[in-house]
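The values are calculated or read from the model by the stated rules, or taken from the named source; none is laboratory data. All values derive from a computational prediction rather than experimental measurement. Using ideal geometry, Cβ is built from the backbone for each residue, glycine included, and neighbour counts are taken over all protein chains shown. Heavy atoms of the whole protein, side chains included, go into the accessibility calculation; ligands, DNA and RNA do not. Shrake-Rupley method; radii C 1.70, N 1.55, O 1.52, S 1.80 Å.
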Amino acid sequence: MAEVRFLVSKYNSETDAKPRLQEFRLDPPQGATLLDCLNLIKWKLDGTLSFRMSCRSAICGSCAVRVNGHARLACKTQAADAVIDGRVTIEPLGNMTLIRDLVVDLEPFWASVEKVRPWLVPDDSKKYERERLQSHHDQLKIDAASTCIMCASCFSDCNVMEVDPKFLGPAALAKAQRFVFDTRDAEKWDRLELLGQIHGMWDCTHCAECSTRCPTDAKPLERITELRRAAMAAGMTDNNAARHVLGFRESIGGFKGIGGSGMLNENYLPVRSMGLSIGGILSLIPVGLRMFARKKNPPLIPHVIEKVGEVRKMFRRFDEYNKEGEK
Ligand code: SF4
Ligand code: SF4
Ligand code: FES
């Protein structure tokens, strides 16, 4: 490979007010990963460069950094794939305090995971003669989440974490899914209650950044969706976000024998989301008045689309499919 310009973030809290990008020029050997390149820079060009690494095999999760603005495992990224116009930028993970160069303080990440009690609570009411066996079918429910290597890439790039540091975060939620769906665990419902609280699973905005950045099959957004489905199937819908989901479903596809209109009813949705909260409903009035003044208000009588029967049929199929999936 031709010479590459590596722009690597450098920061020393004793001498620097803020991080800066330092350029290192290197001719990466054939097949080199970004971690190989960081090591070469450290050994040959700047012995002070600080970064984390251990396994070099995408197993330990310690080498995650931001490459060209997005979290990736340095040891799983070929340098040739990361170079754009002859250069690559390597910075520390986001949403955590910087300690030095590419090293961040992972404490908030570990604290978020700890909040979901990431350990099995055995069901002592069951009698086991030997170890607690699990069927292949049941194992598959937690297989994906079990592949998490705790690299914090998802935590780094989560948009909600950026504005709400109290948000549980994608890794903790993926870890929670692993225990909620574990048939040997005794605390499924308590766990779902906890996850349903403010800063929990309903605060995720579905941006999918976590799943895009995740280097394993853990894919947090998919796990969050499974948690939400489980909560809704159990009737845990007493919060704005769950009611919002129900509002979509009801206004488009109908419910309890009442047919939906085939399209979103924008008058119904916000009121449905607020539930029985008078304060919540009153808070919608100023928005409604502004929409009315600007002639942006949706029609009071919802329009029913031409092929609404097809849409209702689709929703019935979804319901059947979901019931199958719960078995
Ligand atoms: S999908 Fe949700 S948890 Fe994942 S990064 Fe986006 S907001 Fe965060
Ligand atoms: S869910 Fe994926 S991105 Fe997040 S910590 Fe686990 S392995 Fe890393
Ligand atoms: S060094 Fe272990 S995951 Fe990269």
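Restricting attention to the range 282-302, does a residue exist that is in contact with a strand residue (DSSP E or B) (Cβ under 6 Å, 6 or more places away or on another chain) and either in the same structural domain as Ala208 (by TED's automatic domain parsing) or touching a residue at least 24 places away in the same chain (Cβ under 8 Å) (or both)? I'd like the intermediate steps shown before the answer.
Of the residues in the range 282-302, the ones in contact with a strand residue (DSSP E or B) (Cβ under 6 Å, 6 or more places away or on another chain) are none.
The answer is no, given that none of the residues of the range 282-302 is in contact with a strand residue (DSSP E or B) (Cβ under 6 Å, 6 or more places away or on another chain) and either in the same structural domain as Ala208 (by TED's automatic domain parsing) or touching a residue at least 24 places away in the same chain (Cβ under 8 Å) (or both).
Out of curiosity, is Glu222 within 16 Å of ligand 1 (Cβ to nearest atom), touching a Pro at 6+ places or on another chain (Cβ under 9 Å) and over 13 Å from Leu168 (Cα atoms)?
When the stated conditions are applied, Glu222 does not pass them.
Could you check Ile301 against (1) away from ligand 2 (no atom under 16 Å from the Cβ); (2) surrounded by 18 or more Cβ atoms within 10 Å (Cβ to Cβ); (3) among the β-branched types (Val, Ile, Thr) and say which number it fails?
Single failed check for Ile301: (2).
Filter the range 41-54 down to the residues that are assigned to a loop (DSSP other than H, G, I, E, B) and over 21 Å from Asp105 (Cβ atoms) and list them by number.
Result: Asp46, Gly47.
If a residue must be acidic (Asp, Glu) and assigned to a loop (DSSP other than H, G, I, E, B), how many such residues does the range 217-238 contain?
2
Here is a yes/no grid of residues against (1) open to solvent by 20 Å² or more (accessible area, probe 1.4 Å); (2) within 16 Å of ligand 1 (Cβ to nearest atom):
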{"site": "Leu168", "(1), (2)": "no, yes"}
{"site": "Asp182", "(1), (2)": "no, no"}
{"site": "Trp189", "(1), (2)": "yes, no"}
{"site": "Gly200", "(1), (2)": "no, yes"}
{"site": "Asp203", "(1), (2)": "yes, yes"}
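Kindly indicate which of Thr212, Thr147 is open to solvent by 40 Å² or more (accessible area, probe 1.4 Å), outside the structural domain of Thr77 (by TED's automatic domain parsing), among the β-branched types (Val, Ile, Thr) and within 9 Å of ligand 1 (Cβ to nearest atom).
Thr212
Might you let me know whether the range 265-272 holds any residue that is open to solvent by less than 50 Å² (accessible area, probe 1.4 Å) and part of a helix (DSSP H, G or I)?
Yes, the range 265-272 contains at least one residue that is open to solvent by less than 50 Å² (accessible area, probe 1.4 Å) and part of a helix (DSSP H, G or I).
Restricting to the range 46-69, count the residues that are open to solvent by 40 Å² or more (accessible area, probe 1.4 Å), more than 16 Å from ligand 2 (Cβ to nearest atom) and under 11 Å from Leu35 (Cβ atoms).
Number of matching residues: 1.
So which helices (runs of 4 or more DSSP H) are wholly in the range 141-185 and hold at least 2 residues that are within 18 Å of Ala58 (Cα to Cα)?
153-157
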